[in-house]
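A short write-up of the structure that comes next.
The values are calculated or read from the model by the stated rules, or taken from the named source; none is laboratory data. Quantities reported herein were computed from a predicted structural model and do not represent experimental measurements. Neighbour counts run over all protein chains shown; Cβ positions are idealised from the backbone, glycine included.
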Amino acid sequence: MELVAAPPPHPAARLHPARLDALAQGVARPAYVRGALRAGIVHLGLGAFARAHLAAVNEAALHAGADRGWGICGVSLRQTDTRDALAPQDGLYTLALRSANAAGQAEQQAAVIGCLLETLVAPEDPQAVLDRIANADTRIVSVTVTEKGYCHDPATGQLNLGHPDIVHDLSQPAAPRSTIGFLVWGLQRRRAAGLGPVTLLSLDNLPSNGHLLRGMVLAFAGQVDGGLAAWIASSCAFPCSMVDRIVPRTTDEDRSCVEAAIGLRDAWPVLAEPYLEWVIEDQFAAGRPDWTVGGARFVDQAAPFETLKLRMVNGAHSALAYLSVMAGWSTVDQAVSQPALRRYLAELMRDEIVPTLPALPGLDLAQYQARLLQRYANPALKHQTRQIAMDGSQKMPQRLLDTVRARLAADQPIPGLALAVAGWLHFLRGVDQAGRRYDIQDPMADTLARQYLLAEQAAAQADEQAKEQAGEQAGEQAGKGPAAMLAWATSLTGLASVFGDLGQDPRFVRAVAQAAQSLRSQGVAGALAALAPSKVG
Ligand code: CS2
């Protein structure tokens, strides 16, 4: 399904504060004096995700009259591309919320966001980033750097002091490169300058993200200066938060579509679904804007919301992503239009995930689940399953493995969860069912590739032994017998930095082996059918 919009007659002029009058009617735009804004928020990791929630909600607060000190300074920690796209637009960009109407036609609501005042590129000028954190205007330093940006061990949640960026940053106070390095050296400058504390606000998809960030910052600061660590611990705030909005990567087609809709050319618009849930613990060290006007909710404890979101939205997303990449379903809506996959996800949520969730008064979980499947089915997003499949080693623990642990602790079966985990492990072979190759994008890609090879060798060996013991068995192919798959799963789930002690739980390893065997011998469709033989026709 395509969004239909007539292209402008001439190449459109570039989005810019001087050209807001040229915006098409109905496109929301900054209605406050941008020049009066100061950057009270420094945001590290200025990807599409932050631009689609933090900045959009903050924009609503500014429209509602929030104090002018709540502009945003964005920081890209690696690439120059966001800055290169947005600088000629003086930081303006479009947020296009996409959905489908009752007839299934795509609809788009566009708004130009004005609260992003500047974008710094950390590797070009680390000093400027440190100065910003240590600026008197700064009151919140927020972070969306994805799971791997915390330089932690995914299974234990401890700072990885051997991480090359952390090793580098501990000796480079003036030119760090990791998020944690920037935060600690920036806070050190603040303290030295006699400035007050700030709130460090993690907005990443990690459980207790505020506590995690606090742990990383204090572990790093402790290596540097005990006094600094004590000051941070006693005066800075680290609220936990949960953000839920699906934000696919922007494509050139999206750029053209937004240009046609707004009448100006935007080099990097952001697309998102209309749905937004942003829940934040109300612990701020130096004030905050009233983000409730843009839909945020302040709570005492974010943990139950995080668990709900990570296990349902992200757990189901990851389960869907690996199976879909293998099966050749490239977008999420295409994937959930496959009846067997949709049924699998619905049963995974209802039967295996929901029973592990903490109670949230007033929440109807059946409705939440139905709404989630509808969000996945949004045909206007074209959310790539490959995008979700990235960084599995960092995502598995909180999305699927914690749920597995909760179920095993209650002695409950895990067939759907095991298929999701086996889906990831099977995906690591790097070839889909049609023989197309893809890269494994993961900070642990090398380790995973080595372990995958070892697992294949273990499988081949186990198969040989099984055949010797049983005599030649007609029809059994090397690497696919139950003994082989058990050896394969034992080897892969032995990766302690992802699986922790789960690799030692025979119930888990056996379930993963069985699901993997099913995937390898029957493909995704066969494995889904095998899981629910009575239900999938
Ligand atoms: C997705 C998330 O890419 C992924 O791994 O699961 O980005 C997801 O779209 C968001 O968390 C939704 O809130």
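Values computed for the structure shown
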| read-out | value |
| --- | --- |
| Residue in segment 469-492 that is outside the structural domain of Asp153 (by TED's automatic domain parsing), in contact with a Leu (Cβ under 7 Å, 6 or more places away or on another chain) and either at pLDDT 95 or above or not small (Gly, Ala, Ser) (or both) present | yes |
| Flag for Gln223 being touching a strand residue (DSSP E or B) at 6+ places or on another chain (Cβ under 8 Å) and more than 23 Å from Ser76 (Cβ to Cβ) | no |
| Residues satisfying the stated conditions in segment 308-337, i.e. more than 13 Å from the ligand (Cβ to nearest atom) and more than 16 Å from Pro248 (Cβ to Cβ) | Leu323, Met326, Ala327, Gly328, Ser337 |
| Scope segment 258-291; condition closer than 26 Å to Leu373 by Cα and either in a strand (DSSP E or B) or free of Cβ contacts under 8 Å to residues at least 24 places away in the same chain (or both); matching residues | Val270, Leu271, Ala272, Glu277, Trp278, Val279, Ile280 |
| Flag if Ala346 is in a helix (DSSP H, G or I), closer than 19 Å to Ala532 by Cα and within 14 Å of the ligand (Cβ to nearest atom) | no |
| Any hit, segment 378-389, residues being farther than 30 Å from Ala496 by Cβ and more than 14 Å from the ligand (Cβ to nearest atom) | yes |
| The lone exception for Arg399 - which of (1) more than 13 Å from the ligand (Cβ to nearest atom); (2) part of a helix (DSSP H, G or I); (3) in contact (Cβ under 8 Å) with a residue 12 or more places away in the chain it fails | (1) |
| Unmet requirement for His426, which otherwise passes all of (1) farther than 16 Å from Tyr322 by Cβ; (2) modelled with pLDDT of 95 or more; (3) not in a loop (DSSP other than H, G, I, E, B) | (1) |
| Pair list, Cβ < 6 Å and 6+ apart or interchain, from segment 143-166 residues that are within 12 Å of Ser202 (Cβ to Cβ) and touching a residue at least 12 places away in the same chain (Cβ under 8 Å) to residues that are in a helix (DSSP H, G or I) and small (Gly, Ala, Ser) | Thr144/Ala50 |
| Extreme residue, nearest to the ligand (Cβ to nearest atom), among residues of segment 200-243 that are touching a Cys at 6+ places or on another chain (Cβ under 7 Å) and more than 17 Å from Gln188 (Cβ to Cβ) | Asn209 |
| Segment 292-307 - residue that is part of a helix (DSSP H, G or I) and of a type outside the set (D, E, K, R) and, of those, nearest to the ligand (Cβ to nearest atom) | Phe305 |
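Let's see how each residue does on (1) modelled with pLDDT of 95 or more; (2) buried (at least 21 other Cβ atoms within 10 Å of the Cβ); (3) over 21 Å from the mean Cα position of the chain (by Cα); (4) assigned by TED's automatic domain parsing to the domain that holds Val524:
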position	(1), (2), (3), (4)
Tyr344	yes, yes, yes, yes
Glu347	yes, no, yes, yes
Arg350	yes, no, yes, yes
Asp364	yes, no, yes, yes
Arg371	yes, no, no, yes
Met390	yes, no, no, yes
Arg405	yes, no, yes, yes
Gly430	yes, no, yes, yes
